[in-house]
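Working notes for the structure below.
What follows is calculated from the coordinates using simple rules that are stated; it is not laboratory data. Since the structure is predicted, the reported quantities are computational estimates derived from the model, not experimental observations. Neighbour counts are summed over all protein chains in view; Cβ atoms, including those assigned to glycine, are modelled from backbone coordinates with ideal geometry.
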Amino acid sequence: MATGSMMEVMRTSNQPATSSHPTPTPTPTHNDSNTCTTLYDHKEYARVLMPLFYCIIFCVGLLGNALALHVIRPNLKKMNSTTLYSANLVISDILFTLSLPLRIIYYALGFHWPLGETLCKITGLIFYINTYAGVNFMTCLSVDRFIAVVLPLRFARFRKVSNVRYICVGVWLLVLMQTLPLLSMPMTNPEPDGFITCMEYPNFEKVPNIAYMLIGAVFLGFGVPVVTILLCYSILCCKLRLSAKANHLTDKSGRSRKAIGVICCVSLVFVVCFSPYHINLLQYMIRKLIYEPDCAELTAFQISLHFTVCLMNLNSCLDPFIYFFACKGYKRKVLKILKRQVSVSFSSAVRTSPEGSSRDVVDGKKIHLNSTSSVRSLEQVTTEYRITGLVFYCVIFTIGIVVKVTA
């Protein structure tokens, strides 16, 4: 019994001692961009759709805003507050569209950035500076219109050109201060599949207090402007409606209704373009403060960011259409250019026709080309063909670029 007891003691003493509380095994963080492998699973169709979308924005936005700048330029001699704010807004839209070609190449390569960290930071800085400069100048325009109609005497000093110049400089400096922290953050990230991403949200996941920073950016860059714009334009619409009821001549002319329609259109475009992106960013950052979202939530947020950023960037493309319907000078200049092109085409067609052929025969009936109605119908048809041809050429050119890059 004693020997058996000694053998039992020796056997148990040779076994390793185990703790009564087992050590828990660490679990990987599923929201880390290095461990989450589904963030860019949508790149196969995004590499075609997103470059095509941004090519259209680039062509339409650059041409439309360049034309707007051409219309505003003669008015700079007799500059007022509205002209100065509009010129800065157009310049910010042009600079924004000029930053798009590199983003088009990036998306066409399947979220791959081969140009290095420095150039990624520069393009990202240009991208965000001009996006939020446009937002702030739209806000300044709404306040300017509000003062001009509702409070023309009390705050008239804010509409003096000398003061507006300082305000414009202050807007650019404010936006620069808001976006300069991007330079201190890593904007590129090598992914497990071998491609390098640029200016994507998962690249900022490791930045300390990123949730607080982005929530503050949403309130300053979108919350304050959207409340200001909607408040100013709502009061402005009420004022115009009351003045139209008080003055029957104004009501009959329809100017108040047109002004209210333009105001509603500007407000709607702003809300539709900018709200989805900032609301999406805000809700994810709030969730991030409460708990750690998993990989599926991060992937859904990443995909939604790509779509909402496209919608936000559409604003620079829609601004020229608002100018066309709201600004008489812009509409007159566009129609004048189109008529000039039509008249050149028509005169060249007349010069190349045989001498004395002022009549043409269609289906056995003689048509006088020098009649007013015929000339007008020919001008309309030529204009339609020119516009259709221009759009067709832009689409073919865009598809050719996308196919060449993705090949």
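Descriptive notes on the structure:
- Counted charge near Asn313, where neighbours are those whose Cβ lies closer than 14 Å (Asp, Glu -1; Lys, Arg +1): -1
- Length released on extending from Lys78 to Tyr291, taking residue separation times 0.36 nm less the Cα-Cα span: 71.0 nm
- Across all directions, the average projected area of the convex hull around the alpha carbons of the range 175-298 is 11.0 nm².
- Value of D in µm² per second that Stokes-Einstein yields for the range 43-330, Kirkwood Rh from Cα pairs, at 37 °C (0.692 mPa s): 160 µm²/s
- With the alpha-carbon atoms of the range 81-225 aligned to their principal axes, the span from lowest to highest coordinate is 63, 32, 19 Å, starting with the largest.
- Viscosity 0.692 mPa s, 37 °C: Kirkwood-radius Stokes-Einstein D of the range 173-229 over Cα pairs, µm²/s: 251 µm²/s
- Across the range 220-231, rounded Karplus estimates of 3J(HN,Hα) from the backbone phi angles (6.51 cos²θ - 1.76 cosθ + 1.60, θ = phi - 60°) give 6, x, 10, x, 5, x, 5, 5, 5, 5, 5, 5 Hz, Gly and Pro being marked x.
- Cα centroid of the range 146-210 to Cα centroid of the range 44-97, whole Å: 18 Å
- Residues whose placed amide H lies under 5 Å from that of Asn189, excluding near-sequence neighbours: Thr197
- Descending by average beta-carbon neighbour count within 10 Å, the peptides 172-181, 92-101 line up as 92-101, 172-181, the highest first.
- Listed peptides 182-195, 130-143, 104-117 by packing density, highest first (mean Cβ within 10 Å): 130-143, 104-117, 182-195
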